[in-house]
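The values are calculated or read from the model by the stated rules, or taken from the named source; none is laboratory data. Bear in mind that the values here come from a model prediction, so they are computed numbers and not experimental data. Cβ sites come from the backbone with ideal geometry, for glycine too, and all protein chains shown count toward neighbours. Just so you know, the surface numbers come from the protein's heavy atoms only, side chains and all, with ligands and any DNA or RNA stripped out. Shrake-Rupley method; radii C 1.70, N 1.55, O 1.52, S 1.80 Å.
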Amino acid sequence: MSREIIDQITAFHRKRNFAMEQRKRSHLALGAFVRLALGWRKDLPEADRKRIAAEAADYIESGLGPFADVIAASDQARLPYETIERDCLRQMEKLAIQLPAWPTFGESVRGFGAGSLAVIVAEAGDLSDYAT
């Protein structure tokens with residue numbers, strides 16, 4: 001039974017990682033677009049590049065200004081990936097509490113949640129394969 005649960009956790013983890021990467025790519029592309037639109041170039045002095053990058057970050061954070069439509073569209077495009085991330089983590093948590101490591105270890109550790117156990121299991125595999 002544990003092997004099946006671990007396989008399910010791993011599958012959700014892969015899907016969650018894909019969604020996280022897609023969300024990050026979209027956000028990075030938005031930042032690059034806004035910086036370039038504001039005149040950022042690699043050959044500018046560092047102080048100017050930093051000023052433009054900060055201005056771009058302010059626009060993106062506020063969602064206001066000349067790029068409001070692009071920022072809003074980018075935010076909307078990322079929403080499905082955020083939903084996938086959240087849903088996968090919830091499923092991983094539900095599965096992780098079914099593992100023997102949860103009641104014997106994870107549940108009693110303050111600040112350690114079922115999601116953390118699920119990620120460890122997804123990355124490391126079956127914890128019973130390890131001697132200690």
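Mind running the shape call on segment 29-102? Use the C-alpha gyration tensor, a ≥ b ≥ c as the square roots of the eigenvalues: rounded below 1.5 for a/c, prolate if a/b tops b/c, oblate otherwise. It is prolate, given that a/c is not under 1.5 and a/b is the larger ratio. Translational diffusion of the chain, estimated by Stokes-Einstein from the Kirkwood radius over alpha carbon pairs at 25 °C in a medium of 0.890 mPa s, is 141 µm² per second. Karplus-derived 3J(HN,Hα) values for segment 25-33, using 6.51 cos²θ - 1.76 cosθ + 1.60 with θ = phi - 60°, are 4, 4, 5, 5, 5, 4, x, 4, 4 Hz; glycine and proline are entered as x. Charges were assigned to the Cβ only: +1 to each Lys and Arg, -1 to each Asp and Glu. The resulting dipole of segment 54-127 about its Cα centre is roughly 400 debye.
Excluding same-chain pairs closer than 8 in sequence, count the lysine pairs in the chain whose Cα atoms lie under 24 Å apart. So the count of such lysine pairs works out to 5. Each residue of segment 91-98 was assigned a 3J(HN,Hα) from its phi angle through the Karplus curve 6.51 cos²θ - 1.76 cosθ + 1.60 (θ = phi - 60°); the sequence is 5, 4, 5, 4, 6, 4, 6, 8 Hz, with glycine and proline shown as x. Each part gets one Cα centre, and for segment 1-64 versus segment 118-132 those centres are 30 Å apart. Ranking His27, Val109, Trp40 by how far each Cα lies toward the positive end of the dipole of the chain (charges on Cβ) leaves Trp40 at the top. Among His27, His13, the order of accessible area from largest down is His27, His13, computed with a 1.4 Å probe on protein heavy atoms. Its Cα centre serving as origin, the chain has a Cβ charge dipole (Lys and Arg +1, Asp and Glu -1) of approximately 240 debye. Can you give the longest stretch of the chain with no exposed loop site, where a site means trypsin sites (Lys or Arg not before Pro) in a DSSP loop (not H, G, I, E or B) with at most 14 other C-beta atoms within 10 Å? Longest gap between qualifying sites, sites excluded: 43-109.
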